[in-house]
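The values are calculated or read from the model by the stated rules, or taken from the named source; none is laboratory data. Not measured: the values here are computed from a predicted model. In this analysis, Cβ positions are derived from the backbone assuming ideal geometry, glycine residues included, and neighbour counts consider all displayed protein chains. Just the protein is used for accessible areas: all its heavy atoms, side chains included, with ligands, DNA and RNA removed. Shrake-Rupley method; radii C 1.70, N 1.55, O 1.52, S 1.80 Å.
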Amino acid sequence: MIGIIFGPPGSGKGTQAARLEKEMRIHHLSTGDILRGEVAKGSGLGQEVGRIMAAGDLVPDDLIVDVVRARLPEAEEGAGALLDGFPRTEAQARALDAMLHDEGHKVDFVVALNVPEKLLVDRLLHRAQVEGRTDDTRDVIAERMREYHKLTEAVLDHYRKQGIKISHVEGTGSPDEVFDRVHAALSGISSR
Ligand code: B4P
């Protein structure tokens, strides 16, 4: 099973994916977490992407595709993988299709979280106070939202054109309330 949790910055992708990982025993693969880990280690990749992430821009497709290609086989073992933060561009979506096709797999479901932009900004500014992430400042959040609208939203069309069911889930309310909706949406998919 290969799933994608999709949504704008601050929509709760990482929050919900961590819960789904426990519930479905599916492996949570977060490209944001991987990249932050590389930055923290000061690896070559981390040095290359640190400034890009801090500015709120997307890292180049070829770099992130290589990261996912290296981790996907391990993540797919067991019940499967839940991708969080990837794909974020059409080129990444096409690269993922090719990777999965080579293994006889495909994307099974997409859950898209919908949250009004004002609430997204409030959540990220709150996270800045709690976690101090360098990309959670007002200016950088605005840039991340621009990148999302310019490059990432189109990923949904990519899957829609392939006939893959996209479950739109209201991402407002508490994490528990959102999780109940995500869970209900996925039960619908597995019983189809
Ligand atoms: P990500 O780590 O994916 O950052 P994000 O979009 O903010 O999502 P995240 O999962 O962290 O936040 P969530 O919505 O769960 O990416 C960071 C950067 O890495 C990108 O800007 C880019 O530079 C780079 N990158 C990553 N993947 C890439 C790719 N494929 N291609 C190119 N570049 C890539 O949660 C946000 C906050 O809201 C949290 O504090 C959470 O506690 C809170 N929250 C969640 N649900 C809530 C709820 N229901 N109510 C209240 N608060 C809630």
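Working from the alpha-carbon coordinates of the range 117-175, get Rg over Rh, Rh being the Kirkwood radius.
Ratio of gyration radius to Kirkwood radius: 1.07.
Find the relative contact order for the chain and round it to a whole percent, using C-alpha pairs within less than 8 Å whose residues are 6+ positions apart. Walk me through the numbers on the way to the answer.
On the way: 259 pairs, mean separation 60.9, N = 192.
Dividing the mean separation by the residue count of the chain yields 32 percent.
For the chain, which whole-number percentage of the solvent-accessible area (1.4 Å probe, protein heavy atoms only) is attributable to carbon and sulfur atoms?
Numbers: 4960 of 9750 Å².
Summing carbon and sulfur atoms, their accessible area is 51 percent of the total for the chain.
Give the distance, in whole Å, between the Cα centre of the range 122-192 and the Cα centre of the range 1-78.
About 14 Å separates the Cα centre of the range 122-192 from the one of the range 1-78.
In debye to the nearest 20, how big a dipole does the chain give about its Cα centre with +1 on each Lys and Arg Cβ and -1 on each Asp and Glu Cβ?
Taking the Cα centre of the chain as origin, the dipole is about 320 debye.
Rounded to the nearest whole Å², what accessible area per residue is found for the chain with the 1.4 Å probe?
51
If amide H atoms are built 1.01 Å from N in the plane of the peptide, which residues on other chains or at least 5 residues away come under 5 Å of the amide H of LEU82?
Close amide H contacts, sequence-distant or interchain: GLY3, HIS27, HIS28, LEU29.
Quick one: pull the percentage of alpha-carbon pairs in the chain with a separation above 20 Å.
Pairs farther apart than 20 Å: 54 percent.
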